[in-house]
Structure formats: structure tokens, C-alpha cells
């Protein structure tokens, strides 16, 4: 089971995505935007490490590289979810989203 | 609820055409190049060319709310200087044809209102009774639509650098709430403060704050890749 999972596993992103994110992170524009938004400098090193781990996996199927990459991406996901939403998420879209417009209907709640 | 109260309390007074039938527009007006035509044209350009809009439309489609241009967008004349709005009752994005004259402005308004529509689609947003919900969506829309880029703020003569983006988002969310609801500034500020941290950090569906088209394209790329991404975490 483990070996077939290893064969099936792919890096969460293609390796060139990590490299382009690293380059984008280091760019002057991004450094400006980071300061303008958060008052800090961006930390870009993780993207570079992820790129190297990605390449390591591609070339040598390194288990350490895979784990490091997964840990890094899980960290990113956790960062994005680090808040309690003010609203409840829907299970289904609103039922009236496609309902035809009735121009003559009076406004009532 | 009677119509006058609804207009006063929920901002519908800013959008007077919402209660008039479409058939009241004259034939001559429709046949010449009008604000209406310009609005329709600029809307099409925004939808076709903006990576922000494309990602939002994609995300809404995946959430079960495919946006149909003729059904979910409406170019209308509006009061004052308001640029657009989202009408949750009719599930329509209103674009103020008399107040939007530049393509870049149209693109930004379309993105801003699509964020409201996206929130309406994916969450139980109580637009009319829960001011925290309204504030949250306004914070997200100001944050993620490009409303608060350095250049847009500079054009408003609001010059600021360190963390100015957050100041702008806070201020614009406050203005939107005060324009749409009959509450005091103090009350509105309190509500914005309560939900700011949570809502400023909710970047769905972008996964980041898109400060530029390049950011939006990267966000779009990640969105397209989300199947592979989550399957291999």
C-alpha cells in the first residue's frame, strides 16, 4: 500500500510554480506591497526550500523531501485558516440564484 | 416591510431604478450610444480580461452560482457618487452607468461586487440584519478588489505607506456601511473593529491579497491547481 501511494503521490504544485513564487516574492513590487500592507519585509526563503525539495523528489523520490514539502504546504494552509469565520458556510448555493427576475414584483421582505 | 423603510434602511434609495420596470426606457434612448451601452461594453471587457474577475467567476461557478451576464449584472443610473452594489434579494450586481466612466474603475467595481456575490453564494450572509456580516464582506471587498492599492489611494490624495492598505480597507468598509445602513459612525466603527482581523485575513478565493494583475494570475493558477494541491497535502 505504501509503495503504490508513493508512486501515486505528486508534489502539491509543479516545481516551476515554487520557483516563480520565489522570484515573485523577492521582487521589488512584492517587497513594496508587503510593507504597504503589513509593515514588514516578505520572507521568501521557504519558497526556495520548497523548490529544492520538489526537485529532490522529482529526481530521487526522497522521502525526506516529500515530508518537508508536505509540512511546508500544510503550514501555509493553516496560516490561511487561522481565523474563525463570522458566518456559517453553505452546503448548497442560494436556491434563488437563477430565479427569473420579476420586474413588476413590489419590494417586500 | 413597506417600501420607504426598505429604501432608508438598506440603501435601496441609492439605486432608484431597482423599482422601475425595464420597459420605461425609451426607444430613442436605447438606440443611440448611451451610458447604458458604455456600461455594457466595459462590463464585457472587465469579464473577459481581468484575472481578478475571471478567478471570482470560476470560483462562483464551482460553488454552484454560475454568473450569467444578462441575469446577474444590471447597468443602471444611480444616485450620488455610488459606483455599484450587490442586491441580495434579486441576486444581481448593480453597476452605476452614470458614475463609471473609465475601464479601470469598471473592472474594480465588478471585482468588488463579485466578492459580495461570492460571499452570498458560499455562506449564509445575513445582509439585512447582521451588521457584522455586512462589515465582513465590505472589508473583504475593499481588501481583495484593488480598491486600496497605493495608486488608487494616491489618486484620492490619501498618501500613506506603512500598513496604509489596512487603514484604507478599514476606512472604505466604514464608508460603505454608513452609506447603506442607518447607524451611527461610532457603532459602525465598533462593528468594523470587532470583525476586522478575521475578515482581513479571509482571502478566499484568492488565497492571498492580490495587489496586482500578476498576484491575481498567480492566485488563478493556484485555483486551477487546487485539485492536485489538496490531494497531495
ask   = For the Cα atoms of chain A, what angle does the longest principal axis make with the long axis of helix A:63-80, in degrees from 0 to 90, nearest 10?
value = 30 degrees
key: Nitroxide proxy distance, nm - points 7 Å out along Cα→Cβ at residue B:167 and residue B:233   = 3.6 nm
Euclidean distance between Cα centres, the stretch B:191-233 to the stretch B:52-119, Å = 19 Å
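How shielded is B:208-217 by partner chains, expressed as the average number of their Cβ atoms within 10 Å of its Cβ atoms? Can you show the working numbers first?
Numbers: counts 1, 4, 1, 7, 4, 0, 5, 4, 0, 1.
Average per residue, whole number: 3.
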query = To the nearest 0.05, what FRET efficiency results for residue B:225 and residue B:128 with a Förster distance of 41 Å applied to their C-beta separation?
reply = 0.65
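With runs of 4+ DSSP H residues as the only contributors, calculate the mean residue ellipticity of chain B at 222 nm using -39,500 (n - 2.57) per run, divided by the residue total and rounded to the nearest 500.
Values: 12 runs with 135 residues, N = 233.
That comes out to -17500 deg cm²/dmol.
Is the shape of the stretch A:15-78 best called rounded, prolate or oblate, per the rule: a/c under 1.5 gives rounded, else a/b larger than b/c gives prolate, else oblate, with a ≥ b ≥ c the square roots of the Cα gyration tensor eigenvalues?
prolate
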ask   = Listing B:57, B:233 from the residue with the fewest other Cβ atoms within 10 Å to the one with the most, what is the order?
value = B:233, B:57
ask   = Per residue of A:89-100, how many C-beta atoms from partner chains lie within 10 Å of its own C-beta, taken as a mean?
value = 5
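From the convex hull of the Cα coordinates of the stretch B:126-203, what is the mean projected area in square nanometres?
Details: hull surface 20.5 nm².
Projected area, direction-averaged: 5.1 nm².
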message = Using the basic label-point model (7 angstrom from Cα toward the beta carbon), what is the residue B:105 to residue B:204 distance in nanometres?
response = 3.3 nm
ask   = At residue B:190 and residue A:90, where each label point lies 7 Å from the Cα along Cα→Cβ, what is the point-to-point distance in nanometres?
value = 3.1 nm
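Looking only at chain B, where both bridge partners belong to it, what percent of the DSSP beta bridges are antiparallel (to the nearest 5)? Could the numbers behind the result be given before it?
Details: 4 of 8 bridges.
Antiparallel: roughly 50 percent of the beta bridges in chain B.
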message = Restricting things to Cα coordinates, could you compute the convex hull volume per residue of the stretch B:31-124 in Å³?
response = 95 Å³
query = Of all DSSP beta bridges in the protein assembly as shown, what percent run antiparallel (nearest 5)?
reply = 55 percent
query = Can you put B:169, B:82 in order, fewest other beta carbons within 10 Å first?
reply = B:82, B:169
note = Output row, site residue A:83, 7 Å Cα→C-beta label point, backbone N cut-off 20 Å, window the stretch B:123-143, residues B:123-128, B:130-143
request  = Give the share of C-alpha pairs in each 5 angstrom bin for chain B, from 0 to the last occupied bin, in whole percents, shortest bins first.
outcome  = 1, 6, 13, 18, 20, 18, 12, 7, 3, 1, 0, 0
key: 4 °C / 1.567 mPa s Stokes-Einstein diffusion coefficient of the protein assembly as shown, Kirkwood radius on C-alpha pairs, µm²/s   = 59 µm²/s
query = Among A:16-24, B:71-79, A:69-77, what's the highest-first ranking by average C-beta atoms within 10 angstrom per residue?
reply = B:71-79, A:16-24, A:69-77
ask   = Mind checking which of B:89, B:115, B:209 has the largest fluctuation in a GNM of chain B, springs on alpha carbons under 10 Å?
value = B:89
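Pull up the DSSP beta bridges for the stretch B:31-124 and report the antiparallel fraction as a percent, rounded to 5.
Once the DSSP bridges in the stretch B:31-124 are tallied, antiparallel ones form about 50 percent.
Where a ≥ b ≥ c are the square roots of the eigenvalues of the C-alpha gyration tensor, would you call chain A rounded, which needs a/c under 1.5, or, failing that, prolate if a/b is larger than b/c, or oblate?
On the way: a/c = 2.92, a/b = 1.66, b/c = 1.77.
Oblate, because a/c is 1.5 or more while a/b does not exceed b/c.
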key: Acute angle (nearest 10 degrees) that the helix A:28-38 long axis makes with the longest principal axis of chain A, alpha-carbon atoms   = 60 degrees
query = Which whole-angstrom value gives the distance between the alpha carbon centres of the stretch B:123-169 and the stretch A:5-57?
reply = 27 Å
query = Arranged by the count of other C-beta atoms within 10 angstrom, fewest first, what order do B:178, B:144 take?
reply = B:178, B:144
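Taken together, the values in this text are just the output of simple stated rules run on the coordinates, not laboratory data. Since we're looking at a predicted model, the values are computed, not measured. FYI the Cβ positions are ideal-geometry reconstructions off the backbone, even for glycines, and counts take in every protein chain you see.
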